[in-house]
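Quick notes on the structure that follows.
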Amino acid sequence: MMPSWLKYERSEKNSSNACSSFPGFGIPHPVQILTLPINRLLIFLNKKFSIVAIIYTSAINSAIIAPKIQSPIAVVYDCEYDMVLFSKKGDHKIHPASTTKIATLLYALKCSRDLKELVMVVPELLKTMTKEQKIANNYSIVPYLLEPDAYTLGLYPNSFYTFEDLYYALMLVSANDAANVIAYHLGERSIEQFMIGLNLYMGQIGCVDTTYVNPSGLEYPSHRTTAIDLSKMLAHAIKQPEALKILSTVHFKIESGELLDRELNNSNRLIRPDSGMQYKYCIGGKTGYTEHAGYCFVAAAKNGERSLVVAVMQSLTPHERFLDATNLFNAAFDEKKISRVFFNAEDPCFQTTPKYATKPLSLHLEEDLRVETFESVLENMEPVVTLFESSLPVKKGDVLGKVEIVTKNGKVIDSKKLFSSEDRALTWSSFWVRNKWSVFCAFIFLAWSAKWFHRKYRSTRASCKSISQGSK
């Protein structure tokens, strides 16, 4: 039985809705046009010839050739510039399954507890209910109840484990019972309080489309995020040494509790040498699966030039998600750097009008404003000119503004000062032109004041004369 709130996800699964900054992503290869019926093709060529030419050039000459991916939702995210490079339904609200645990780990580490601290497994945290029972109850139960067929480490009630062991169990084998124990103790004996803090933290790091109600990722109607937000979470995680250490671990042995020496093997095949799918640039990731979320995977990879995160969601098979992630990584890493000059030095294309000036003043850069990076990144950048308040006199070389190269999310990549190209003195004529109404009003006021004083003087003089004549 499928709950109604999940039905729309599967019905949208095979729809095509991809957009990209990569020149090749989301654009059909020229040979795909030839599969159209001939009459439609002729109409298309007749009306849209210029568009066809653009598509052809882009697909053939671009630095990145779009890979064929089967996953209905996918994102490529640049960690250095914090920007989305490729998105296929990346902003759609979805159930994340166990990729939820990326956020759980992030917030748990933010709580800054000693990794060797022992915490008790409270029996209440291990209670289970089948998915069918949850659906029958319309999910009117606490959202963190475990499910019998969902993976657990097998933690013993009333036993003690270190936070470190629980963190590795959380991320390497996706232990749902470990997630509950972590959240309970870091939430001051309340999973609900932990989730309130986690959601606030997600908003602080830019994951504004995320609402989580449990730390494990078990299905619940209001438990939602997007592939873009998941990419941001992992990008944030790999910048933290402790989180990266856990994510990049292939094998780990538990060192506490009744499960002493239990070996945990990372479920991320791209990082395991024995998986047959190891990807040499992969530095960490998190898998996930539920019946309705499908097979999910969020992974990070780094070569000598860039760090990337890929999220693939709702895949049909485990193999498909790893293959799609690898293809997306390869496509991005194959992209070559290019250099773009946004403005040349000495370009006379900037002007400002200082206070008291009668005409604009030319500004210039002292060096080229040039950015060298990948084309998919450049497509998300734009120049922003800021002019400072100024007034005459101005000397040649005075700084009167700046030009910044800014990404679409507001990150400043480079900034150059704008200098005055000439001297401009303050003259009476320029002062008059800029302030003619003020000067005119001042003149009227002075004239009126002079007239008033003159009348006052004449009146006073007449009064004095009258008094003098009267005394005689």
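Structure data summary
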{"item": "Average Cα contact separation per residue, segment 338-424, under 8 Å, 6 or more apart, as relative contact order %", "result": "29"}
{"item": "Nonlocal amide H pairs with Gly90, under 5 Å, H built at 1.01 Å", "result": "Ala74"}
{"item": "Inter-label distance, nm, simple model (7 Å from Cα along the C-beta direction), Tyr151/Cys349", "result": "5.3"}
{"item": "Scattering curve values for segment 178-258, log₁₀ I(q)/I(0), Debye with Cα scatterers, q = 0.11, 0.19 Å⁻¹", "result": "-0.35, -1.01"}
{"item": "In nm, spacing of pseudo-spin labels at Ser222 and Trp448 (7 Å Cα→C-beta vector)", "result": "6.6"}
{"item": "3J(HN,Hα) from dihedral phi, segment 138-148, Karplus parametrisation 6.51/-1.76/1.60, rounded to Hz, x for glycine, proline", "result": "6, 6, 8, 9, 4, x, 9, 4, 6, 10, x"}
{"item": "Flagged links, alpha-carbon separation over 24 Å, of Lys337/Lys416; Lys286/Lys411; Lys101/Lys245; Lys101/Lys127", "result": "Lys286/Lys411"}
{"item": "Long-range amide H partners of Val406 with built H, under 5 Å", "result": "Glu382, Val384, Ile413"}
{"item": "Fully extended contour minus Cα-Cα distance, from Arg455 to Glu305, at 0.36 nm per residue", "result": "45.5 nm"}
{"item": "Inter-site label distance for Asp334 and Thr427 at 7 Å from Cα along Cβ, in nm", "result": "6.4"}
{"item": "Segment 338-424, Cα convex hull volume normalised per residue, Å³", "result": "82"}
{"item": "Under the Karplus curve 6.51 cos²θ - 1.76 cosθ + 1.60, θ = phi - 60°, whole-Hz ³J(HN,Hα) for segment 380-389, x wherever Gly or Pro sits", "result": "9, 10, 8, x, 10, 9, 10, 9, 7, 5"}
{"item": "Set of aspartates and glutamates near Lys395 by C-alpha distance (under 15 Å), chain-local residues within fewer than 8 positions excluded", "result": "Glu422, Asp423"}
{"item": "Length released on extending from Asp261 to Thr211, taking residue separation times 0.36 nm less the Cα-Cα span", "result": "14.4 nm"}
{"item": "Computed magnitude of the charge dipole of segment 375-431 (debye, nearest 20; Cβ of K, R +1, Cβ of D, E -1)", "result": "200"}
{"item": "Peptides 400-412, 282-294 ordered by average Cβ neighbours within 10 Å, highest first", "result": "282-294, 400-412"}
{"item": "Long-range HN-HN contacts of Gly294 with modeled amide H, under 5 Å", "result": "none"}
{"item": "Tensor-based shape of segment 118-255 (alpha-carbon gyration tensor, a/c under 1.5 rounded, otherwise prolate or oblate)", "result": "oblate"}
{"item": "Relative contact order (percent, whole number), segment 297-340, Cα cutoff 8 Å, 6+ residue spacing", "result": "33"}
{"item": "Violating pairs (Cα-Cα greater than 30 angstrom) within the set Lys93/Lys302; Lys110/Lys417; Lys355/Lys402", "result": "Lys110/Lys417"}
{"item": "Rounded Å value of the spacing that divides the Cα centres of segment 342-420 and segment 198-215", "result": "37"}
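Every number in this text was worked out from the coordinates using simple rules, so none of it is lab data. All values derive from a computational prediction rather than experimental measurement. Here the Cβ is made from the backbone with ideal geometry for all residues, glycine too, and neighbour counts use every protein chain on show.
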